[in-house]
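The values are calculated or read from the model by the stated rules, or taken from the named source; none is laboratory data. Predicted model only: the values in this text are computed from it and were never measured. For neighbour counting, all protein chains shown are included, and Cβ atoms are generated from backbone atoms with ideal geometry for every residue, glycine included. We work out accessible area using only protein heavy atoms, side chains counted, and drop any ligands, DNA or RNA first. Shrake-Rupley method; radii C 1.70, N 1.55, O 1.52, S 1.80 Å.
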Amino acid sequence: MMATNSHGQSNTPADFVSAVSPWVAGLGVLLILLGIIAITHPAFTAIATGLVIAYTLVLAGLASLAAIAGDKSTGGKVAHAAFGLLALAAGAFLLFLPMDGAVGLVWLVSALLAASGFADLLSARRAVGQRAFRTLLGLINIAIGVYALFLVPADAVEILALLIGISLVLRGLLLAMLALVVRKLST
């Protein structure tokens, strides 16, 4: 038996997919446009990224301070208070200087890439079947990480904008193609 809604229309999975696929395609197009804006306006992208980081830190700080009330241990209360106050301070700083947050993010990712590269090199010795691949991956990650660590802030912002833009465009293309495929399959 097929379910119907209040308008007498059927509610099959195919009907649902047909109904939402234009929205998925629209989201894909929106992400592509945002990606293009991110790539072509790196300062805007850096400020937006810095503000996202700032608000995330402020919310994390407030949540940590609120968690003090539920923690029964003195050590837990101190830890929540310390983290909460530090997160609030960092978030407030970034609200006034969001570009610094974006540059800091690039440098943090750079340091993580370099550390990941060293870990890949160390693990390559034990990976018999993947030794060459892991060694190459490790060297590439170290090179990118070290290079990006020494970027001047303006270049770091450009690279951040480019990476965010590429990610948004690719995700948008994926969603748009998915919507088309699903729409075609549901008809």
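When residues of the range 143-171 are filtered for being open to solvent by 60 Å² or more (accessible area, probe 1.4 Å) and within 14 Å of the chain's Cα centre (by Cα), how many remain?
Summing the residues that are open to solvent by 60 Å² or more (accessible area, probe 1.4 Å) and within 14 Å of the chain's Cα centre (by Cα) in the range 143-171 gives 5.
Would a scan of the range 119-134 turn up a residue that is touching a Phe, Trp or Tyr at 6+ places or on another chain (Cβ under 7 Å) and surrounded by 14 or more Cβ atoms within 10 Å (Cβ to Cβ)?
no
With respect to LEU174, determine if the residue is surrounded by 14 or more Cβ atoms within 10 Å (Cβ to Cβ) and at pLDDT 80 or above.
When the stated conditions are applied, LEU174 does not pass them.
Would the range 50-71 turn up any residue that is more than 23 Å from the chain's Cα centre (by Cα), open to solvent by less than 30 Å² (accessible area, probe 1.4 Å), on the phi < 0 side of the Ramachandran plot and at pLDDT below 90?
Scanning the range 50-71 turns up no residue that is more than 23 Å from the chain's Cα centre (by Cα), open to solvent by less than 30 Å² (accessible area, probe 1.4 Å), on the phi < 0 side of the Ramachandran plot and at pLDDT below 90.
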